[in-house]
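In what follows, a structure is listed as structure tokens, so that the remarks can point back to it.
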Amino acid sequence: MQGMSEKGAAQGGLRERKKRATRAALFEAAVRLAAEHGAEKATVEAISAAAGVSVRTFFNYFDTRDDAFLVIDADAGARMRQAVLDAPAALSPLQALREAMAAELAEAEQQHELWRLHARVLHASPHLLVRALGAHMADETELAEVIAARIRAGGATASVSPPVSATDEERRSALDLYPRLLAAVAGTAVRISVEHWCARQEEAAFLDVFQEVFALLAAGLPAPPA
């Protein structure tokens, strides 16, 4: 029974990897077709053919054509949220989020060219940009909820706790505001890290830039020396 369980788990893992690979291939095909020919020319049929799958397979992963332009890895957000919840209690919310994001961005240097094309496609297609912004805001809200849950469960809170003399209402307000602010600021930090590294790839590895950005956040964004 043990061997059968292990085999089943391995097969399940293989299936999941194949599904992620197919979704990623469809996303890349959609972005590259749109970047080269315009989003209106990137039809479901063209995307499917470029990814080497059937139209039926396309609709196993996406409800509409536009959905193919939204995310590279649909499970990345869920993995990151779970990592925030699972991080050691001694880590501050910012530290827990930094580590979770760093794990998801480990292959950023291999993905940056596709990210650049994706940004170009979105800015050239207002309706896709609106969809992407909506998806980003939804992810940000879910991340904020996880950060709040971590804090309430007893993760390190020294950096977010209001003064001892604060009223219960002020404490509740701080815990409502902080998770939303942290989720939004962290998302902006990732974007700035990507943009800065893309402009200066020869100077540092991406994850080094990412860690430097989060170090500045952790320090409270002190002004640089004159």
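The values are calculated or read from the model by the stated rules, or taken from the named source; none is laboratory data. Predicted, not measured: the structure shown is a model, and the values here were computed from it. For neighbour counting, all protein chains shown are included, and Cβ atoms are generated from backbone atoms with ideal geometry for every residue, glycine included. Protein only, heavy atoms only, side chains kept; ligands, DNA and RNA dropped before computing areas. Shrake-Rupley method; radii C 1.70, N 1.55, O 1.52, S 1.80 Å.
Selection of the range 104-130 for residues being modelled with pLDDT of 90 or more and open to solvent by 70 Å² or more (accessible area, probe 1.4 Å) yields Arg120, His123, Ala124, Pro126, His127, Val130. Under 8 Å between Cβ atoms, which residue pairs at least 6 apart in sequence (or on different chains) link something in the range 53-72 that is under 19 Å from Leu122 (Cβ atoms) with a partner that is in a loop (DSSP other than H, G, I, E, B) and of a type in the set (A, V, I, L, M)? Filtered contacts from the range 53-72: Arg65/Ala42.
Looking at the range 80-92, is at least one residue more than 28 Å from Ile147 (Cβ to Cβ), in contact with a helix residue (DSSP H, G or I) (Cβ under 9 Å, 6 or more places away or on another chain) and surrounded by fewer than 14 Cβ atoms within 10 Å (Cβ to Cβ)? Within the range 80-92, none of the residues are more than 28 Å from Ile147 (Cβ to Cβ), in contact with a helix residue (DSSP H, G or I) (Cβ under 9 Å, 6 or more places away or on another chain) and surrounded by fewer than 14 Cβ atoms within 10 Å (Cβ to Cβ). Residue count for the range 11-33 satisfying the condition of being of a type outside the set (A, V, I, L, M, F, W, C) and over 15 Å from Gly52 (Cα atoms): 6. For the range 192-226, what are the residues that are at pLDDT 90 or above and closer than 25 Å to Glu142 by Cα? Matches in the range 192-226: Ile192, Ser193, Leu207, Phe210, Gln211, Val213, Phe214, Ala215, Leu216, Leu217, Ala218, Gly220.
Among the residues of the range 55-64, at least one is surrounded by fewer than 19 Cβ atoms within 10 Å (Cβ to Cβ), aliphatic (A, V, I, L, M), modelled with pLDDT of 90 or more and part of a helix (DSSP H, G or I).
Filtered by the rule that a residue be open to solvent by less than 40 Å² (accessible area, probe 1.4 Å), over 22 Å from Arg81 (Cα atoms) and touching a residue at least 40 places away in the same chain (Cβ under 8 Å), the range 186-205 gives a lone residue, Trp197. Remark: Arg32 matches the filter, which requires a residue to be assigned to a helix (DSSP H, G or I), at pLDDT 95 or above and open to solvent by 70 Å² or more (accessible area, probe 1.4 Å). Could you look through the range 201-226, keep only residues that are under 22 Å from the mean Cα position of the chain (by Cα) and among the acidic types (Asp, Glu), and pick out the one that is farthest from Gln95 (Cα to Cα)? The qualifying residue farthest from Gln95 (Cα to Cα) is Asp208.
Under 6 Å between Cβ atoms, which residue pairs at least 6 apart in sequence (or on different chains) link something in the range 134-147 that is at negative phi with a partner that is outside any helix (DSSP H, G or I)? Partner pairs satisfying both residue conditions: Ala135/Leu70.
Results for (1) in a helix (DSSP H, G or I); (2) within 12 Å of the chain's Cα centre (by Cα); (3) hydroxyl-bearing (Ser, Thr, Tyr), shown as yes or no for each residue.
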position	(1), (2), (3)
Val71	no, yes, no
Arg81	yes, yes, no
Ala90	no, no, no
Ala96	yes, no, no
Glu99	yes, no, no
Gln111	yes, no, no
His123	yes, no, no
Arg131	yes, no, no
His136	yes, yes, no
